[in-house]
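Q: Once you've had a glance at the structure underneath, I'll fire off some questions.
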Amino acid sequence: MWTYEHSAEASATPQEIWSCYQDVASWPEWNAAVGNVELDGPFDTGTTGRLSPPGAGPLPFRIVEATEDSGYVSETEIAETVTLRSTNRLTPLPDGRTRIQLRVDLVGPAAEHFGKSFGPQVTAGVPKTVETLARRAETLAGQ
Amino acid sequence: MTGSDRTALLVLTSNGVLGDTGRSTGAYASEVAESWQAFASAGFRVEVASIQGGRPPLEAVDTTDPAQQAFFADEAMTAAMAATRPVREVDPTAYGIVFTAGGHGAVWDLPYDEDLAALLRDAYEHDAVIAAVCHGPSAFLGTRLSNGEYLVAGRKVACFTNDEERAVGMTSVVPFLLADELVKRGAEHDAVGPFLPHVVVDGRLVTGQNPASTELVAQHAVAVATATPA
């Protein structure tokens with residue numbers, strides 16, 4: 001399995017960051033991998049939808065697991081042989097800040113090959129996504 | 001084998017602009033590095049040409065990749081990449097293998113360059129192995145043999161598939177779908193699941209589906225070239 005991870009700390013509560021996750025219409029504003037997201041239901045475990053990378057067409061998208069104010073796992077089917085799994089975790093810190101962790105995994109029979117061939121393009125936006133989310137949540141929290 | 005039989009030519013795109021997107025592109029770095037590495041490991045001398053000559057643009061450079069690290073550290077390749085020969089100045093009889101790398105940039109110049117088409121025709125008709133990977137087979141769209149037939153007519157070929165193009169979000173960016181265009185020219189397109197390595201050998205035509213297929217293509221090109229009677 002091919003994997004990449006980045007985390008950042010925000011002066012915002014898990015609840016404030018969770019609200020950013022739930023507001024999928026805002027994802028293009030802070031998530032470098034997203035041009036558009038459409039959900040077929042609420043931001044909850046099992047909901048399906050479509051995620052379009054910037055400038056590209058829609059890919060099948062599913063929320064595998066969602067725990068309010070704690071995190072969620074989603075899967076985007078890049079192709080029948082490779083899926084991108086995004087694991088997003090919120091950890092409250094003793095000083096009142098929150099650690100935002102984003103891990104992306106490529107899974108499927110072509111995962112290692114896709115990762116080797118296109119990995120840098122996949123990971124390039126991850127740190128920016130996490131940092132931008134942290135700053136956005138702080139702004140919304142009035143920090 | 002003669003000296004020329006043990007020489008491989010890498011042919012790269014000179015196009016660094018991804019259509020109308022404003023984004024950059026070029027020859028796919030892993031396809032350049034891994035093909036060089038496989039040819040060099042097999043005892044081949046490697047030369048580099050590009051459509052326009054000079055330093056060609058590269059796409060998806062990954063300095064953590066061992067093959068690319070070795071390629072960029074190699075003095076001969078560093079010099080070659082700084083001053084690639086334009087294809088119009090290449091002697092088509094001087095190579096045992098002519099390999100066209102992909103990268104999306106390739107589809108904007110490889111299919112239309114008459115000098116490249118002549119190079120591939122003449123190299124093939126002088127018993128060279130013609131190899132290509134990913135978008136590299138776009139070079140064959142303009143390549144006809146002396147009998148007037150397309151090089152790929154009646155031949156099995158691999159290339160970046162329509163499904164792969166959709167998966168990387170490029171179907172509305174590229175000017176054509178490569179697999180479809182090769183089929184229009186009489187090729188029999190052979191493919192496996194997206195992004196899995198796949199090589200097709202049809203006589204002295206060796207093609208691969210995607211970047212992950214590069215090493216296989218180069219290895220099979222060497223196998224065909226070294227089995228060819230002197």
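Read-outs: derived from the displayed coordinates by stated rules, not from any lab. The model shown is predicted, which means the values in this text are computed figures rather than measured ones. Here the Cβ is made from the backbone with ideal geometry for all residues, glycine too, and neighbour counts use every protein chain on show.
Q: Collect residues whose amide H, placed 1.01 Å from N in the peptide plane, falls under 5 Å from the amide H of B:Leu12; neighbours closer than 5 in sequence don't count.
A: B:Ala49, B:Ser50, B:Ile51
Q: log10 I(q)/I(0), Debye, Cα-only segment B:103-202, no solvent, q = 0.17 Å⁻¹?
A: Each listed q maps to, in turn, -0.72.
Q: Now, a different point. Quick one: grab the alpha carbon gyration tensor of segment B:1-143, order the square roots of its eigenvalues as a ≥ b ≥ c, and give me rounded if a/c is under 1.5, else prolate or oblate depending on whether a/b is larger than b/c.
A: Here segment B:1-143 falls in the oblate category.
Q: Anyone know which of B:Ala40, B:Ala167, B:Ala80 comes out most mobile in the 10 Å Cα GNM of chain B?
A: B:Ala167
Q: Could you tell me which helices of chain A pass both thresholds, a Cα extent of 20 Å or more along their own axis and a mean Kyte-Doolittle hydropathy of at least -1.0, with helices taken as whole DSSP H runs?
A: Membrane-span-like by this rule: A:126-140.
Q: To continue, here is another question. Go ahead and set up a Gaussian network model of chain B, Cα springs under 10 Å, then flag whichever of B:Ala27, B:Ala158, B:Ala82 fluctuates most.
A: Its mean-square fluctuation being the largest, the pick is B:Ala82.
Q: Could you tell me which GluC sites (Glu not before Pro) in segment A:3-57 are loop residues by DSSP with no more than 14 other beta carbons within 10 angstrom of their beta carbon?
A: Filter output for segment A:3-57: empty list.
Q: Which of B:Thr13, B:Thr78, B:Thr161 ends up with the largest GNM mean-square fluctuation for chain B, with Cα atoms connected below 10 Å?
A: Its mean-square fluctuation being the largest, the pick is B:Thr78.
Q: Can you return the aspartates and glutamates within cross-link range of A:Lys128? Criterion is Cα-Cα under 16 Å, with same-chain partners fewer than 8 residues away left out.
A: Within reach: A:Glu5, A:Glu9, A:Glu29, A:Glu138.
Q: Now for a different question. Loop-only check: which GluC sites (Glu not before Pro) in segment A:47-79 are DSSP coil with at most 16 other Cβ within 10 angstrom? If you can, show how the numbers build up before the last one.
A: Details: sites: A:Glu65, A:Glu68, A:Glu75, A:Glu77; in loops: A:Glu68.
Here the sparse-neighbourhood loop sites are A:Glu68.
Q: Ok, one more. Quick check: the distance between the Cα centres of segment B:146-198 and segment A:23-79, to the nearest angstrom?
A: Measuring centre to centre over Cα atoms gives 31 Å.
Q: Which of A:Phe43, A:Ser74, A:Thr123 sits farthest toward the positive end of the charge dipole of chain A, with +1 on the Cβ of Lys and Arg and -1 on the Cβ of Asp and Glu?
A: Going by the Cα projections, it comes out as A:Thr123.
Q: Another question, if that's okay. I need to check one value: relative contact order of segment A:46-143, counting alpha carbon pairs closer than 8 Å and at least 6 residues apart, in percent.
A: Relative contact order of segment A:46-143: 15 percent.
Q: I've got another one for you. What's the magnitude of the charge dipole for segment A:30-104 around its Cα centre, counting Lys and Arg as +1 and Asp and Glu as -1 at the beta-carbon? Answer in Debye, nearest 20.
A: 320 debye
Q: Next question. Before anything else, pin down the relative contact order of segment B:1-132: Cα pairs under 8 Å, at least 6 apart, normalised by residue count, whole percent.
A: Once divided by the residue count of segment B:1-132, the mean separation gives 35 percent.
Q: Follow-up question, since we're still on this one. Show that you can apply the helix-only estimate: for chain A, add -39,500 (n - 2.57) for every DSSP H stretch of four or more residues, divide by all residues, and state [θ] at 222 nm to the nearest 500.
A: -8500 deg cm²/dmol
Q: Tell me, what is the percent relative contact order of chain B, built from C-alpha pairs under 8 Å that lie six or more residues apart?
A: Computed value for chain B: 21 percent relative contact order.
Q: Now for a separate question. To the nearest 20 debye, what charge dipole does the protein assembly as shown have about its Cα centre, counting +1 at the Cβ of each Lys and Arg and -1 at the Cβ of each Asp and Glu?
A: Details: 25 positive and 48 negative charges, 69 e Å.
Dipole of the protein assembly as shown, to the nearest 20 debye: 340 debye.
Q: Applying 1/(1 + (r/R0)^6) with R0 = 22 Å to the Cβ-Cβ distance of B:Ala76 and B:His126, what FRET efficiency is obtained, to the nearest 0.05?
A: 0.35
Q: For the charge dipole of segment B:19-82, defined by +1 on Lys and Arg C-beta atoms and -1 on Asp and Glu C-beta atoms about the Cα centroid, which residue among B:Phe72, B:Ala40, B:Ile51 has the Cα displaced farthest towards the positive pole?
A: Farthest towards the positive pole: B:Ile51.
Q: How large is the charge dipole for segment B:72-222, taken about the Cα centre, if only the Cβ atoms of Lys, Arg (+1) and Asp, Glu (-1) carry charge, to the nearest 20 debye?
A: The calculation lands at about 240 debye.
Q: For segment B:112-230, build the charge dipole from Cβ charges (+1 Lys, Arg; -1 Asp, Glu) around the Cα centre, then report which of B:Val133, B:Val201, B:Ala179 sits farthest towards its positive end.
A: Positive-most Cα among the choices belongs to B:Val201.
Q: With each run of n ≥ 4 DSSP H residues scored as -39500 (n - 2.57), what mean residue ellipticity at 222 nm is computed for chain B after dividing by its residue count and rounding to the nearest 500 deg cm²/dmol?
A: Details: 7 runs with 68 residues, N = 230.
The helix contribution divided over chain B gives -8500 deg cm²/dmol.
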